[in-house]
Amino acid sequence: MPVRTVLSTNIEYISILDEHGAFDAKLGKDLISDEDVVKLYEHMIVCRRFDEIAFKLQRSGRMGTYPENRGQEAASLGAVYALRKDDWLVPCYRENPGLFWRGLPMEYILLHWMGDERGNQIPDGLYMTPQAIPIGTQMLHAVGLAWAGKYRGEDRIACTFFGDGATSEGDCHEALNFAANLDLPVVFVCQNNGWAISVPAKIQCSAPTIAQRGLAYGMECVQCDGNDIFAMVKVVRDAAELARRSHRPTFIEAVTYRLGDHTTADDARRYRDSAEVEMWKKRDPLIRLRKYLVDRNQWDNEKEQILQADAKEQVAAAVKRAEEIAAPSTTDMFDFLYAQLPDQLRIQRATLRTASLGQDPSQLEGGIEASRQQGIEETVSEPGLP
Amino acid sequence: MSTTRLIEFRDALREGMSEEMRRDPSVFLMGEEVAQYQGAYKVSRGMLQEFGPQRVIDTPISESGFAGLGIGAAMMGLRPIIEFMSWSFSLVAADQILNNAPKMLYMSGGQFKVPIVYRGNNGAGGQLGSTHSWSVESMYANVPGLKIAIPFDPYDAKGLIKTAIRDDNPVFFLESERLLSVKGDVPEAEYLIPLGQATVRRTGSDCTIVSFGRPLYFCMEAAETLASDGIDCEVIDGRTIRPLDIETIVRSVCKTNCCVVVDQSWPFASIAAEVAAQVHERCFDDLDHHVVRVHSDDVPPAYAYNLEQEMLPNARKICEAVRTVTYNA
């Protein structure tokens, strides 16, 4: 039998606005209106400011842990910008710019990292799931949301975000396989930021690209400059269109870099070469976008100063709102565990005694029946920030 | 008067699922071999033909995959029934079924309900070897946010699965491969059995025996043997482990003053340990003897027939336990 090639392929790398500010006018034509480029730039500056302040809040003991988004603003922002407002966003924890663009108030993210579950009570109509902290599990939820949308005959799609490290998890591979096999409208956006805490991307994947993981499951895949908002908008828009039109998933590897530590509990200086960090600082998505705007006379120092002051104000206001929210009531921990409060928890909620002592219904005035009749409305707090 | 038919456990399960799928278009069934092959154990026989491939879906061998997909679909308001061919295989999906499904509502502050049923065969007894013979109830019941039902007969299988599907929380539905061919009377007319309501399988005055699922058959066998020795046992079927109907158990123990709990999982940190602890808390002054637990032996389920039967919480062990607590040893 002759040897024959059964598959040969190539993976494209898309870059439109490079780190030097050079713009591919052909690829970038009509991608984002001039007006919106300004808005996106302004949004990225606000998000950068948010990061700085969140970091300081943690250092001054006002927040538990915080994962900086610094350097990766273009990736999630470009993706969310390219999607429809009712497409599902299924994030992990480095997508603040995209989530804020969709409309999540900044105090929600602050509240979450301050250790308050209510930061994950996503307001209605935003079509996003809570930040997923386990690695890669949310990708399957995105597949399920897409499946449910298709089942109901809706034309909304799901877009999920994850890091290079998540692509080593089994859930990632099962999600890709399901999405491809069941023809589901999912856009998988891998933010390859080079590092999974201290583990470099080359330990996650020996192949030349992470993008080709999608290829193995029979889906479209593409690599792009994740620090280039134009490239992000283009690849996600193409992927979203394919998903909506043909129910086919796409795997996008957005090559970016985590300029900060993994979280505030980490110190990347201990394992990263500073020369690498310095090189990536030059590829900062904000620098090139500002240059793009300045080159087109759409931006100047005065505007920048006004924006910086405004960003400072916006973030300070969000911090104020977050810190003004009173701590949750002790009984809140029993709420939302089940759709209806079970009897044993109802009793324990009333007694606040250890389970072994606090579950005997004789402790309840009027007994369990009376307690039940008070109804769930009275005993369980309503969702939503106060 | 409603008429009944004598049908198999697997057919009762299918009737329950099919009725709910006819009633509610948001219900669907997904799992390995549930469609074309009609179910690895023929539980879903005919369902593909009735409901079509959009609602009865064959999956790759990818438990975490369909366990997690179901969560996403449930978050959007669908009501997935996810079949594990065996609960033994759910172990690879632990992060989804334990760390995501039961916590999603909680972690989203009440935003995302996960009305999902995970179901399949649980427990040893069919010479499936130790990796395929898991009894997961004790391990999984430790996790808050989920419910666990464990049906005893065809009547309960149908009544409980229907309620589980309508429940707004994740329900783990533990069937037994050893019971799928058991026949029982099932009404023609619709009925539901609430989760958290135990039932008395046999009334008696000398000793309360509490169990769940398949070991109840060992309990009934033991009760017959003991009856011929003049020991009159009351056998309580808990039906659901979460929520646990401790009130029914307490009422019985207050009457009999003795309690044996029979549990097919391992002894350490088990369902029976929990039931025993609660009985001690609630019935300390009524007990004539401390509660005795009967478990599978603390070894992996054996492959050899005789060893496997011996490791189970069988009638011999139950009889010994009851004789001990009633001072008839």
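Every number here is computed from the coordinates shown, using simple stated rules; none is lab data. Here the structure is a predicted model, which is why all the values come from computation and not from measurement. Because the Cβ atoms are built from the backbone with ideal geometry, glycine has one as well, and the counts that use them run over all protein chains shown.
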Quote the relative contact order of chain A in percent (integer), defining contacts as alpha-carbon pairs under 8 Å separated by 6+ residues. 21
Cα extents of the range A:129-193 along the three principal axes, largest first, in whole Å? 35, 24, 17
Gap in Å between the Cα centre of the range B:124-178 and the Cα centre of the range A:206-254? 40
Tell me, B:HIS132, A:HIS141, A:HIS112 in order of fewest to most beta-carbon neighbours within 10 Å? B:HIS132, A:HIS112, A:HIS141
Could you list A:ARG349, A:ARG258, A:ARG152 so that the one with the fewest beta carbons within 10 Å of its beta carbon is first and the one with the most is last? A:ARG152, A:ARG349, A:ARG258
Please compute P(r) over all alpha-carbon pairs of the range A:227-271, binned at 5 Å starting from zero, and give each bin as a whole-number percent. 5, 18, 19, 13, 12, 11, 11, 7, 4, 0
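Magnitude of the Cβ-charge dipole of chain A, K/R +1 and D/E -1, about the Cα centre, nearest 20 debye? Don't skip to the end; give the middle numbers.
On the way: 44 positive and 57 negative charges, 152 e Å.
So the dipole magnitude of chain A works out to roughly 720 debye.
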The range A:330-372: relative contact order as a whole-number percent, Cα under 8 Å and 6+ apart: 29
For the range B:4-187, build the charge dipole from Cβ charges (+1 Lys, Arg; -1 Asp, Glu) around the Cα centre, then report which of B:VAL136, B:LEU91, B:PHE28 sits farthest towards its positive end. B:PHE28
Sequence-distant aspartates and glutamates (8 or more away, or on other chains) whose Cα lies within less than 18 Å of B:LYS255: B:ASP206, B:ASP232, B:GLU234, B:ASP237, B:ASP245, B:GLU247, B:GLU281, B:ASP285, B:ASP286, B:ASP288
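Counting only other residues whose beta carbon sits under 11 Å from that of B:GLY126, what net charge do I get with K and R as +1, D and E as -1? Walk me through the numbers before you get to the answer.
Working: positive: B:ARG178, B:ARG214; negative: B:GLU177, B:GLU308.
Around B:GLY126, the charge tally is 0.
Go ahead and run the numbers for FRET between B:ASP285 and A:ASP332, Cβ-Cβ distance against an R0 of 35 Å, rounding to 0.05.
Values: r = 36 Å, r/R0 = 1.02.
Using R0 = 35 Å, I get an efficiency of 0.45.
Say R0 is 22 Å: what FRET efficiency, to the nearest 0.05, do A:GLU302 and A:ASP34 get from their beta-carbon distance? Mind showing how you got there, number by number?
Values: r = 18 Å, r/R0 = 0.83.
Approximately 0.75, to the nearest 0.05.
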Hand me the trypsin sites (Lys or Arg not before Pro) from the range A:66-103 located in a DSSP loop with no more than 15 other Cβ atoms within 10 Å, in residue order please. A:ARG84, A:LYS85
Using a simple spin-label model with points 7 Å from Cα along the Cα→Cβ vector, what separation in nm is obtained for A:ARG272 and B:ASN306? 6.5
FRET efficiency, 1/(1 + (r/R0)^6) with R0 51 Å, evaluated for B:SER205 and B:ASP168 via beta carbons: 0.80
Taking the dipole about the Cα centre of the protein assembly as shown, with the C-beta of Lys and Arg at +1 and of Asp and Glu at -1, give me whichever of A:MET128, A:VAL6, B:TYR41 is farthest to the positive side. A:VAL6
Which value, in debye to the nearest 20, gives the size of the charge dipole of the range A:231-355 about its Cα centre, when Lys and Arg are +1 and Asp and Glu are -1 at the Cβ? 440
Angle check, please: helix A:73-82 long axis (alpha carbons) against the longest principal axis of chain A (alpha carbons), in degrees 0 to 90, nearest 10. 90
19 Å tail of the calculated P(r), the range A:41-130, as % of Cα pairs: 35
Paired Rg and Dmax values of the range B:219-329, which use every Cα atom, in angstrom: 14.0, 44
Along each of the three principal axes of the Cα atoms of the range A:1-72, give the extent in whole Å, ordering the values from largest to smallest. 70, 38, 19
Report the label-to-label distance for A:ASP86 and A:ARG372 in nanometres (one decimal), using points 7 Å from each Cα along the Cα→Cβ vector. 3.9
Taking only the Cα atoms of the range B:56-178, how large is their convex hull per residue, in Å³? 102
Hey, if you put +1 on the Cβ of every Lys and Arg and -1 on every Asp and Glu Cβ in the protein assembly as shown, which of B:THR4, A:ALA239, B:ILE231 ends up farthest toward the positive end of that dipole? A:ALA239
Which whole-number percentage describes the relative contact order of the range B:228-299, with Cα contacts under 8 Å and a sequence gap of 6 or more? 35
Using only C-alpha atoms and all pairs of different ones, pull out the Kirkwood radius for the range B:181-284 in Å with one decimal. 14.3
When we measure straight from the Cα of A:LYS234, which lysines land under 29 angstrom away, once same-chain ones fewer than 8 places off are left out? A:LYS26, A:LYS29, A:LYS39, A:LYS85, A:LYS150, A:LYS202, A:LYS281, A:LYS282, A:LYS291, A:LYS303
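Using just the helices of chain A, give the 222 nm mean residue ellipticity in deg cm²/dmol: DSSP H runs with n ≥ 4 each add -39,500 (n - 2.57), and the total is spread over all residues, rounded to 500.
Details: 16 runs with 172 residues, N = 386.
The per-residue figure over chain A is -13500 deg cm²/dmol.
I'd like the projected area of chain B, averaged over all directions, using the convex hull of its alpha carbons. Report it in nm² with one decimal. Before the final figure, lay out the partial values.
On the way: hull surface 67.3 nm².
It is 16.8 nm².
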Volume per residue (Å³) of the convex hull spanned by the alpha carbons of the protein assembly as shown is 194
Each label sits 7 Å from Cα toward the beta-carbon; between B:SER181 and B:GLU19 the label points are separated, in nm, by 2.6
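Counting other Cβ atoms within 10 Å, keep those with at most 16, restrict to DSSP loop, and tell me which chymotrypsin sites (Phe, Trp or Tyr not before Pro) in the range B:232-329 are left. Can you show the working numbers first?
Numbers: sites: B:PHE268, B:PHE284, B:TYR303, B:TYR305, B:TYR327; in loops: B:PHE268, B:PHE284, B:TYR303, B:TYR327.
Those satisfying the criteria are B:PHE268, B:PHE284, B:TYR303, B:TYR327.
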Can you tell me the orientation of helix A:170-181 relative to chain A, as the angle in degrees between its alpha-carbon axis and the longest Cα principal axis, to the nearest 10? 70
Can you give the Rg and Dmax of chain A based on its C-alpha atoms, in angstrom? 23.3, 85
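Calculate the dipole size of the range B:4-187 relative to its Cα centre from +1 charges on Lys and Arg beta carbons and -1 charges on Asp and Glu beta carbons; express the result in debye to the nearest 20.
On the way: 18 positive and 21 negative charges, 60 e Å.
Dipole magnitude for the range B:4-187 comes out near 280 debye.
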